[in-house]
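For reference, the structure I am asking about is given below.
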Amino acid sequence: MDALTLILILTSLLFVAFVATGVYVSVKVVGAAKRGVDRKITQARRTVEDTTLRAKSFGQVGVAGELAQLRLSLRTSMKATQEALNAGAAEDASLSESLGLFERLSAHGHELDDDLKRLEREPDKARVAERLPDLRERTERVTHAADSLRWAARDRAQQFANDDLASLSAQIEVESGALRHWATGPGADASWPAAGAKGNAEAYGKADGSAEAAAAGAAADRAEGAEAARRAAAGPEAITARDPHRQTTYPWQKTARPEGTV
């Protein structure tokens, strides 16, 4: 097989791969768009149906009005529970079992809603009125179960929020105490600005974990303060030549040797 044939085969394979990828992505995009449109249509239909049921429950009396009230109560409770569980499951994985139970409850809810919807079109209102007590009991059982799941999920989320707030408050109290460490020592002044250089030196010494550093800083500040006070009391000094006999000798300076010595 020559090089040209190999190049043609590789080019064909790459072209086929690109085409297949494009088709796959297109199918996914079209499917996602279709699901989005279907979801929007379902939500719009549900909103229209809920509005119609609300109008029937207020505008009609007798069997038709009670059926509309039962359907509206059932749909409102199931929708609120579904939203609460889906929102909580994103942060709490323990709600996955609750979602499974709600799916099973939704099957009974859909079945009951279909029965109520069929009875709305039933011309024999007397037979429908005989079945109303049973339908009312079934609706109350389903809505009670849905409400129990919804409020349990909300109480769980509220308890987690309260525990997190309590832990955060405790940490803030500890941090606040650490920030006020200058006022916790024996005989310390409660006013931070009035503590002066001594308080600063002690604070730095504590922050570094060295008591010796704090004491040295405090002693240096006292000596500097005393020298400043002495200079202020003596007044301005005259500018005179330095006396070589009074010159301060530091231990790191070499001793001057007389001339003629090596």
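The values are calculated or read from the model by the stated rules, or taken from the named source; none is laboratory data. Since the model is a prediction, treat every value here as computed from it, not as a measurement. Here the Cβ positions follow ideal geometry from the backbone for every residue, glycine too, while neighbour counts run over all protein chains shown. These area figures cover heavy atoms from the full protein model, side chains too; ligands, DNA and RNA do not enter into them. Shrake-Rupley method; radii C 1.70, N 1.55, O 1.52, S 1.80 Å.
So if I take the alpha carbon set of region 1-160, get Rg, then get Rh from the Kirkwood formula, what is the Rg over Rh ratio?
Computed over Cα atoms, the ratio is 1.29.
Is any residue of region 90-126 close enough, with backbone N under 18 Å, to a label point placed 7 angstrom from the Cα of A157 along the Cα-Cβ axis, and if so, which?
Under cut-off, by backbone N: 90-103.
Putting +1 on Lys and Arg Cβ atoms and -1 on Asp and Glu Cβ atoms, find which of G100, G88, I41 reaches farthest to the positive end of the dipole of region 40-138.
The Cα lying farthest towards the positive end belongs to I41.
If you stretched the chain out fully between L101 and L168, how much longer would it get, using 0.36 nm times the residue separation minus the C-alpha to C-alpha distance?
Fully extending the segment from L101 to L168 adds 20.7 nm.
What's the magnitude of the charge dipole for region 1-147 around its Cα centre, counting Lys and Arg as +1 and Asp and Glu as -1 at the beta-carbon? Answer in Debye, nearest 20.
Computed charge dipole of region 1-147: roughly 580 debye.
Also, quick follow-up: To the nearest 10 square angstrom, how much accessible area does L14 have with a 1.4 angstrom probe?
Looks like 100 Å² after rounding.
By per-residue mean of other Cβ atoms within 10 Å, what is the highest-first order of 94-101, 41-48?
Descending packing order for the listed peptides: 94-101, 41-48.
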